[in-house]
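Computed from the coordinates by the stated procedures, all read-outs in this text should not be read as laboratory data. For clarity, every value in this text was computed on a predicted model and none was experimentally measured. Virtual Cβ from ideal backbone geometry, glycine too; neighbours counted across all protein chains shown.
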Amino acid sequence: MTFDALGLSPELLRAVSDEGYTEPTPVQSGAIPLVLEGRDLLGRAQTGTGKTAAFALPILQRLKPHANSSFSPARHPVRALIVTPTRELAVQVEESFRGYGRHLPLRSTVVYGGVPMGPQDKALSGGVEILVATPGRLLDHAGSRTVNLGQVEVLVLDEADRMLDMGFIDDIRRIIALLPAKRQNLLFSATFSAEIRRLAATILSEPAEVDIEPAVTSAEMVEQVVYLVDALKRRELLAHLVRTRDLRQVLVFTRTKIMAGRLASWLDRAGIEAVAIHGDRSQPERERALASFRSGEVRVLVATDVAARGLDIEALPQVINFELPVQAQDYIHRIGRTGRAGAPGRAISLVSLDEEDDLKSINRLLKRDLRVRIVRGFEPAIGAPRASENGRGNGPRSYGGGSRSGSSGRTGARRSPARS
Ligand code: AMP
């Protein structure tokens, strides 16, 4: 199939061709005609499938009749609102709108927390047709009346599963209360969990569904290996691997932001330059951390699943799972950061005995067993208690991180969804 067959206008076809896209991805060929028809949509698609263009292109086309070059802000009310869980994703989505809309006189801007409101107020006051926002900051702007959402025609909830994980449900409901009742709604999520279905039922009206299977096959591109490790020697094994293999540009995943911060400090103290990236950091801090990682100044970037979403870094030589993710699906997201576009990548997972069930879930999802190795000196002690013997989550054991000071609070943090 080609983009021409989807009913997009010449300006959009030109932009798509400027981007170098030759054919639509499955989520694009599925969603674009439905969105153009004005249908509500429930889409299951992960980042990396081309889902941004799947909603941005038809939204731009639907807004095309409103395009104008008037200087009056009143002629540029917000007509499309895209809500995303993270600042990085918001920035990326707005950049995509700019790119795909480059031949149309439609305006867009992005607002997110952690930076001063002033410049955003200014961008909003000039009038924009397309607004990309994270929930909290959008409500701040609505509260201070720097934005009026009374003329929104299309609402997109992007990565809605993440928004629920991050506790944004009340904010989303508050935002929806500010919108006209009659509008088009698009909801994208990596999963169709019961919670997402419930949310969809309250927001979408007779939605069409587009369901793109998670890209398990892309996992085949990545050389994957599991190192069984003594839970108390996890940090040391990570440092050992980075040093002995001279690994650079290493993206390390932890489950919690507390662990991300601790691990980065520990690595730094151990002489391996590392930074953590998470939502508690201000936007300039996050940008500085990313820039120093990209330039090679820091060797290791430690991130949670949530923080890593929307981070514009890919095609990395390797990722390391310091801990396995809570959701097996996140393993695919994580390793998708490496081995892109035909470049070989490597994913290393450090797995302690108490993570056996998590490893099994990942193997089930991949439909094969990951290779398991041990490094002498770091192997789990024979007879070390297993989750099944110890009642994982309750015992006074340290789960990873090599924390020798006991684990109070640690296991609780581990069971809760990674937030940042
Ligand atoms: P997304 O899932 O929206 O984050 O997109 C993932 C990447 O795929 C982005 O870098 C897009 O520029 C790229 N992309 C989107 N659509 C296409 C397409 N039809 N052909 C080639 N690349 C695409």
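The table below gives the values:
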{"item": "Whichever lysines have a C-alpha closer than 23 Å to that of Lys257, once near sequence neighbours (fewer than 8 apart) are set aside", "result": "Lys233"}
{"item": "Size of electric dipole in the chain: Cβ of Lys, Arg +1 and of Asp, Glu -1, about Cα centre, debye, nearest 20", "result": "920"}
{"item": "Other-chain or far-sequence residues with amide H under 5 Å of Leu41's (modelled H)", "result": "Asn185, Leu186, Leu187, Ala208"}
{"item": "Degrees, to the nearest 10: 87-100 long Cα axis against longest axis of the chain", "result": "40"}
{"item": "Selected from Val35, Val372, Val326 as most flexible by GNM, with the chain as the system and alpha-carbon contacts under 10 Å", "result": "Val372"}
{"item": "Using alpha-carbon coordinates, inclination of helix 257-269 to the longest axis of the chain, degrees", "result": "60"}
{"item": "Sites Glu195 and Asp170 - FRET efficiency at Förster radius 25 Å, r taken between beta-carbons, to 0.05", "result": "0.95"}
{"item": "Karplus-derived HN-Hα couplings along the stretch 80-85 (A = 6.51, B = -1.76, C = 1.60, θ = phi - 60°), whole Hz, x at Gly and Pro", "result": "10, 10, 10, 10, 10, x"}
{"item": "Relative contact order (%) - criterion: Cα under 8 Å, at least six apart; region: the chain", "result": "17"}
{"item": "Value of [θ]222 nm, deg cm²/dmol, for the chain, DSSP H segments ≥ 4, -39500 (n - 2.57) each, nearest 500", "result": "-11000 deg cm²/dmol"}
{"item": "Computed Rg/Rh of the stretch 32-176, alpha carbon atoms with Kirkwood Rh", "result": "0.93"}
{"item": "Vicinal HN-Hα couplings computed from phi for the stretch 167-175 (Karplus, 6.51 cos²θ - 1.76 cosθ + 1.60; Hz; Gly/Pro x)", "result": "x, 8, 4, 5, 4, 4, 5, 5, 5"}
{"item": "At 1.567 mPa s and 4 °C, Stokes diffusion of the chain via Kirkwood alpha-carbon radius, µm² per second", "result": "57"}
{"item": "With Cα atoms, 0 to 90° folded angle of helix 51-63 axis to the chain main axis", "result": "10"}
{"item": "Ordering of 256-262, 94-100 by packing [mean C-beta count within 10 Å, highest first]", "result": "256-262, 94-100"}
{"item": "Highest-fluctuation residue, Arg368, Arg79, Arg44 considered, GNM on the chain with Cα pairs under 10 Å", "result": "Arg368"}
{"item": "Selected from Ala123, Ala90, Ala160 as most flexible by GNM, with the chain as the system and alpha-carbon contacts under 10 Å", "result": "Ala123"}
{"item": "Of the chymotrypsin sites (Phe, Trp or Tyr not before Pro) in the stretch 1-66, those whose Cβ has at most 10 other Cβ within 10 Å and which sit in DSSP loop", "result": "none"}
{"item": "Net +/- balance of residues flanking Gly143 in space, Cβ distance below 13 Å, scoring K and R +1, D and E -1", "result": "0"}
{"item": "Simple Cβ-charge dipole of the stretch 3-211, Lys/Arg +1 and Asp/Glu -1, about Cα centre, in debye nearest 20", "result": "660"}
